[in-house]
Amino acid sequence: MTFTPPRLTIADMRANAEKFGPVATFSKFANNSYRVTYEGEPRTVRYFHQTTPVVTIRAGQFIVSTGGWETSTTTDRINYALNPYGYRANRLKGTIWLRGPGLDAPIEANGATLTVSNAAEAEA
């Protein structure tokens with residue numbers, strides 16, 4: 001039996017983004033994926049795929065999460081957000097790895113996160 005996530009509307013996805021704070025900008029960058037900035041936090045950017053924030057960029061840190069989805073689409077969304085900073089996600093035997101300056105580490109499954117410190121400041 002295959003799990004199919006429920007179809008979400010743009011309003012559903014925006015409502016989920018608003019759980020993290022008042023939304024300043026909400027823009028689509030790929031199918032079911034959005035880039036969000038927040039009021040009062042001009043240097044915080046979150047990249048969502050469906051309801052999962054796959055990348056949060058804040059104060060010189062990247063917080064990367066698969067939300068438990070170890071898929072090529074999740075890898076693609078992570079790459080969209082982090083390629084400008086010199087990082088790249090790759091899949092190897094079902095695990096997503098993040099590689100970049102001084103980093104070669106797996107992003108653990110089941111919704112775990114990987115925090116990369118001393119990353120370049122985000123451009124909001």
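No value in this document is a laboratory result; all are computed from the given coordinates. Everything quoted here is computed from the prediction, not taken from an experiment. Note that we place each Cβ from the backbone using ideal geometry, even for glycine, and neighbour counts take in every protein chain shown.
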Check your understanding: Can you run phi through the Karplus equation (6.51, -1.76, 1.60; θ = phi - 60°) for the stretch 7-15 and list ³J(HN,Hα) in whole Hz, with x for Gly and Pro?
Key -> 6, 10, 8, 4, 4, 4, 5, 5, 4
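Using unit Cβ charges (K, R positive; D, E negative) and no other charged atoms, how large, in debye to the nearest 20, is the dipole of the stretch 10-116 about its Cα centre?
Here the size comes out at about 180 debye.
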Study note, to complete from the structure: Of all trypsin sites (Lys or Arg not before Pro) in the stretch 24-105, the ones in DSSP coil with at most 15 other Cβ atoms within 10 Å are K93
Review point. What are the residues whose amide H is under 5 Å from the amide H of A24, where those residues sit 5 or more places off or on another chain and H is modelled from the backbone?
Key: T37, Y38, E39
